[in-house]
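Worksheet for the structure shown next.
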Amino acid sequence: MIGLQHYLVLSAGLFALGMLGLLTRRNAVNVLMSIELILNSANVNLVAFSRYASGNLGGQVFAVFVIVVAAAEVAVALAIVLTLYRLRRTPNLDDASILKG
Amino acid sequence: MSELTRSLNAFRPELALLVGLLLVVLADTFAGRGRQLATRLITVLSLTAAFGFAIELQAAGTRAPLFSGMLVIDPLGAALKLILVAAGLVTVLAFSFRNSRELAGLGHGELHTLVLALVFSCLLLAAASDVVMLYLALEMVSITSYVMVGYLKGDRLSNEASLKYILFGAASTGSMLYGLSLLYGLAGTTSLRGIQEYLAGGIPDANRFAVYAVTLLVLAGFGFKIAAVPFHFWCPDVYQGAPTPVTALLSVLPKAAGLAIALRFFYGAFSVPQRGPWDLSGSIDWTSLLMLVSVLTMTLGNVAALTQTNMKRLLAYSSIAHAGFLLMGIVALSENGARGLLVYLAAYLVMNLGAFLVVTLVHLHEGSFDLRDYPGLYRRAPLLTLAMAFFLLSLVGIPPFVGFLAKLYVFSAVIEQGRGAYATIAALNAAVAAYYYFKVLKVMIIDPGNEAKPPLELAPVDQLRLAGLALANVVPLFFWDWIEGWARSALVLYAGR
Amino acid sequence: MSGEALVFWIFAGLTLGSAFVVVLSRTLIYSAFALLVTFFGVAGLYVLLGADFLAATQLLVYVGGILVLLLFGVMLTHRIYDLDLRSETTQLGSGLIVAAGLFVVLSAVALKTEWPNLARLPAPTTAPIGRLFLREYLLPFEAASVLLLVALMGAAMIVRRRRSA
């Protein structure tokens, strides 16, 4: 029987993988992909809760807004990455080291 | 239908900003040569209107949920909105495309639209009473900030700062989102009021772990907005890379909105209905956690600022430190704490904006943000140096400046709650901060150098701006009673009831 | 194994497997297409959870919009003749430890907590969600339009080559 916990562990895995990508990847587009994994993991949570735990659609509505925000964020992020690439010929984060701690 | 009308009535500041936003977009498209003047005029007018509505809102003293519980209006919220709109208004008035070398030649319409959108989003964030609204508003503030920071698209520094900002920000808010999703699962509802009822109803031991996890994850999002440790890493780079007027705006608005929502979230969700908003359901000792964050933040900010020579980075670390002080208002967990937070935010507005204005003007005339180019300014620009002295002394927290008033409020609130050690650490921090503020002043006044350079000729309007902000740092002390009254009347926290 | 369980494990496997590829692959284009599979997997899970509107939105926006944008991003940030679209990984060891730690903690939260038990049986969701957008969640629904305006304007402005006076 598939229950709530199956989905929650799945999303925990997605979240962890997203974090892994965030911490280890050098390419900005790759980091963006990892962030999308994180957002999707939260969405899976929301929809699973909506189905099994809360009995209402609030989670699904929340998930729709998350998708909207993700789209806006990716658009702006890619615009910035593209500009970075034009200026520096590389999308790698480590090379963007002019600004130091 | 009537709930909607009632909500719209209390939504007037935001509506003024929305109308302004749309008009600016239209003006930018159709106004032709009068574009620059038109957009600026519309922005100032709409911010002023919003300010007026916010005053009206606070005077009315309504306490109600709006828009089916998405937002909440109460005197504390209205006071915070007032500060947020004031921050936007003062920034737009103090900075212009003419007194900032970095902004020269860039699009007017877009920047003004972004400013209005930022203030609008901050107002939504400060009043959010539902997890969906909270997340959306937080991301609206964030994304608008990301775009504003990337405004100098041709500049490598600015572009890299913008990239780091957006990646770090998306990661933090993504984590916060995961926490919010768990909270939804626990409470079964997206409304903060419902969450409050759930938490106050007693949490079974099996669920405590989940609530801890939620708190930490949510703090990631708030911490990022406030630039508190350990989510502050983006701050110096972003402040340095963004055009200075944008930095000035970002140093106040998102921070204030972040603090407002942190206040509302933790008091709104974690307070017990029967006992009033200042008693917590005792599920988690998050005040100690916040206290730790506050101490780390102010210490790190102050220590890092000691060795900075770039003025923008110095002020960035100074802002981080002040976030630590501002958190004291929340940690104090009392009416006096909230009052302290309000006064500190208002004071912080005028101190910080003033300092950034001086830095912008020096850059305009000298082309440098480096402290090593600041010697001799006393002779070359006496008014500028005097104004900077006012701002820096206010930042240190010395009477008769508003900075002193602000620190007095938060310190007394914290001491009152018995957290003497905490107050002592904060006091030590203030002393450490004094070192670098005085250092800047010393460099400007006493250090030799630049003797051969001609005096700085400030435009009359810039002199007026400096004078205005400098006075704003001193005059309020004479109206202490009035401020006290205002802060006191703002202390009713609706907390979803 | 019941049909539902089978479908779940298939989609879960797809999702997690492709997520691994996204995060660990050395070739950027493989990561991008793996992300496509991940999004499809999640959409499948949504269908299983009875969220039909959300599944459609996921496909339309995530796959049809965001992924296409990411692919453009991948393509435009490399010279056309340079087919070696590599992406490097740093500090894999410590990253793995952190990620594993997070997974353990969050799974513990998931398994240990007593979640409420109000199930919602799968039913068409489009109409109810629409109603929610226009009633309870009206304000976020409208405010999102400001967000989209800012993002649209911002992205266009940042990428535009010529300065505007």
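Residues in segment A:52-79 that are facing chain C (nearest Cβ under 7 Å) and touching a residue at least 40 places away in the same chain (Cβ under 8 Å): A:Tyr52, A:Ala53, A:Val74, A:Leu78.
Scanning segment C:101-132 for residues that are of a type in the set (A, V, I, L, M, F, W, C) and more than 7 Å from chain A (Cβ to nearest Cβ), we see that the one that is surrounded by the most Cβ atoms within 10 Å (Cβ to Cβ) is C:Val109. Against the criterion of being more than 9 Å from chain A (Cβ to nearest Cβ), out of contact with any Cys (no Cβ under 7 Å at 6 or more places or on another chain) and at pLDDT 90 or above, C:Gly64 qualifies. Looking only at segment C:67-95, which residues are part of a helix (DSSP H, G or I), within 8 Å of chain A (Cβ to nearest Cβ), at pLDDT below 90 and under 30 Å from B:Gly179 (Cβ atoms)? Those that are part of a helix (DSSP H, G or I), within 8 Å of chain A (Cβ to nearest Cβ), at pLDDT below 90 and under 30 Å from B:Gly179 (Cβ atoms): C:Gly73, C:Leu92, C:Ser94, C:Gly95. Of all residues in segment C:140-158, none satisfies being assigned to a loop (DSSP other than H, G, I, E, B) and either facing chain B (nearest Cβ under 7 Å) or within 30 Å of B:Asn9 (Cβ to Cβ) (or both). Residue check: is B:Ala406 within 25 Å of B:Ala487 (Cα to Cα), out of contact with any Pro (no Cβ under 7 Å at 6 or more places or on another chain), surrounded by fewer than 21 Cβ atoms within 10 Å (Cβ to Cβ) and in contact (Cβ under 8 Å) with a residue 12 or more places away in the chain? When the stated conditions are applied, B:Ala406 does not pass them. The set of residues in segment B:447-467 that are touching a helix residue (DSSP H, G or I) at 6+ places or on another chain (Cβ under 8 Å) and either closer than 21 Å to B:Leu315 by Cβ or among the small types (Gly, Ala, Ser) (or both) comprises B:Leu456, B:Leu458, B:Asp462, B:Arg465, B:Leu466, B:Ala467.
Select from segment B:469-485 the residues that are under 20 Å from B:Thr91 (Cβ atoms) and free of Cβ contacts under 8 Å to residues at least 24 places away in the same chain and list them in ascending order. Scanning segment B:469-485 gives B:Leu471, B:Val475. Just to be sure, is B:Tyr184 in a helix (DSSP H, G or I) and at the interface with chain A (Cβ under 8 Å from one of its Cβ atoms)? In short, yes. Set side by side, the residues B:Leu157, B:Leu163, B:Leu138 differ, and just one is part of a helix (DSSP H, G or I) and modelled with pLDDT of 90 or more, which is B:Leu138. Looking only at segment B:187-215, count how many residues are in a helix (DSSP H, G or I) and either within 17 Å of the chain's Cα centre (by Cα) or touching a residue at least 40 places away in the same chain (Cβ under 8 Å) (or both). Within segment B:187-215, residues that are in a helix (DSSP H, G or I) and either within 17 Å of the chain's Cα centre (by Cα) or touching a residue at least 40 places away in the same chain (Cβ under 8 Å) (or both) number 11. When segment B:89-109 is filtered for residues that are surrounded by 24 or more Cβ atoms within 10 Å (Cβ to Cβ) and within 10 Å of chain C (Cβ to nearest Cβ), only B:Gly109 remains.
The values are calculated or read from the model by the stated rules, or taken from the named source; none is laboratory data. Because the structure is predicted, anything quoted here is derived from the model rather than measured. Neighbour counts run over all protein chains shown; Cβ positions are idealised from the backbone, glycine included.
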